Structures are given as C-alpha cells and as structure tokens.
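The values are calculated or read from the model by the stated rules, or taken from the named source; none is laboratory data. Since this is a predicted model, take the numbers as computed values, not measurements. Using ideal geometry, Cβ is built from the backbone for each residue, glycine included, and neighbour counts are taken over all protein chains shown.
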C-alpha cells in the first residue's frame, strides 16, 4: 500500500474512532445518568463532583459484564499462564512487551517536552534491544536507567486537557474521554503498529494485545483478589484505585514495571514498595491499596 493510501486509511480510522468515542460517551451519559443532588445540599454536590461518575448506573452494568468475562475467560487464562510458565520466563515476556512499547513512550516524552526522560527512554530501548536480547532482560534498569511509561492521554493532560467524566468501557475497563482519545492517537503513533501494517504482519498487533492483556492480568491476580475480598463495594474500589493510579502517572510518579503503587490514605503520597518490603509485608507482593482512601482525579497538573 502506498504512503498516501495508508494516510487515507489512517484518516478514515481516526474519524471512525472519534465518532465511536463520541457515540459511546453520549449513550453512556444519556441513557443512565446518576441523579445530581439538589443545589441546597452542598456536601452531596461536592461529593458528586469529586466522584466525577455521572453515568454510574451504566458504568456499573458494564463493570458487571467485565467481571463476568474476566471470571469466565481472562482470569483462567492468566492463571494457566502462571501455572505453565515459571516466573523468570514470565518476567522475560513482560520485559519484551515493555521494550516494544519504548518507542511510543519516547514519542510522548518528546511531545511533553520531557527531554531528559526521552533520553532515558531512547537509551533503554537501545541497550535492551541489543545487550538485553530484544528486551528479554532489562539491562538498562540495572545500570541506572529506570523504566517509565507515557501515552498520549498523559500528553493531553500535560497540555492542559481535562480528563472528563469517569467511564467504564467493555473489556478495556476504567477510562475517561481524554484517555479514549489518547488510545486512538497512540494506535497511529506506535511504531510497532506502523511496522506491522507496512509489512503486512496482520497477526502482530492482535498477538501483542492478547499477550499484554494476559501478562497484565497475571500480575494482578493476587492484588485484585485481595482487593475484592476487602472491599465493601468492588466497583467503588476499582474506580478509586484506577483514578489514583492514573493521577500518579500524569504526575510522573515513576512506577517500576514490576511494581504497583502503594496507595494509602494520603492520596498525594504514592509510595513504592521495594522487593524486600514486599517480601516482608505479609502479602508476598508489592501492591497495597486502601479501598476507603479518597479518590483523586488525574488533573492536568504539570509534569
């Protein structure tokens, strides 16, 4: 396919993607909006605005669908993946997938004006793609180049774009209008996707997507099980956790690929457990979340 043909296809897909996002948001917000509290109840109004979930009834219905799908298909696949492959192999797969994403992170680093972080990302990709055996070994982290992730949703936040209302997407999970647009843009920015399309490797993008989903779900098996057991309302806990994690990403709170944030009562204090702390925490893994902590939005704060 010629360059002009690919550009026309990209434009068509972009237009369809934007329309799909608009339709999803419109249907979600119109069909089942949570009632706004009366103006004479300022505390209720403040809580409603802080939660930023005007379509909660619909979001809960989608969340229920996602949970059913997860229990029937996704979680068993992740459990089988853990049972089949030893941890060093799974770690290598995770490193390989993360390395494939480094060029996209680099582009968003540049778009955000993060010159030093862009240099780290470029160095990581070069080192891990060669010395690290195509990314299977994270050599760069061992020599002082820690990983980080950036996407176009974060770039839009840096540019001052607000996140909009909370949305629960089928299969994809928690999101918001800003990150939905970011997903579409990232698809076209991602050099891996460009390579797959240009070389007619139709299997490459779906294969990476499925493998990434299984990898991520396997890494969250224990944390999400414990979170569900400790939560009075699992939907609320997931909403709070996802928004706090996204806010930390927007603020460039560096979260290592193999660790998740320790989100406590202070929503502005995103601590990271070391492997030693995780091994002595009583849980055996490095995720700790208080489902009763206040929610915070991923506001477009300066990075």
All helices (runs of 4 or more DSSP H) inside region 10-94 with 3 or more residues being surrounded by 14 or more Cβ atoms within 10 Å (Cβ to Cβ), out of contact with any strand residue (DSSP E or B) (no Cβ under 6 Å at 6 or more places or on another chain) and at pLDDT 95 or above: 56-69, 75-84
Keeping to region 188-216, report how many residues are part of a helix (DSSP H, G or I) and either surrounded by fewer than 16 Cβ atoms within 10 Å (Cβ to Cβ) or in contact (Cβ under 8 Å) with a residue 60 or more places away in the chain (or both). 19
Just to check your reading of the model, which residue among 202, 151 is within 30 Å of residue 73 (Cα to Cα) and over 17 Å from the mean Cα position of the chain (by Cα)? 202
Using the structure shown, decide if residue 99 is crowded, with 18+ Cβ neighbours inside 10 Å, assigned to a helix (DSSP H, G or I) and either in contact (Cβ under 8 Å) with a residue 40 or more places away in the chain or touching a strand residue (DSSP E or B) at 6+ places or on another chain (Cβ under 8 Å) (or both). no
Could you go through region 254-277 and let me know if any residue there is under 20 Å from the mean Cα position of the chain (by Cα), crowded, with 19+ Cβ neighbours inside 10 Å and at pLDDT 50 or above. no
Is it the case that some residue within region 122-132 is at pLDDT 95 or above, in a loop (DSSP other than H, G, I, E, B), under 16 Å from residue 100 (Cα atoms) and more than 20 Å from the chain's Cα centre (by Cα)? yes
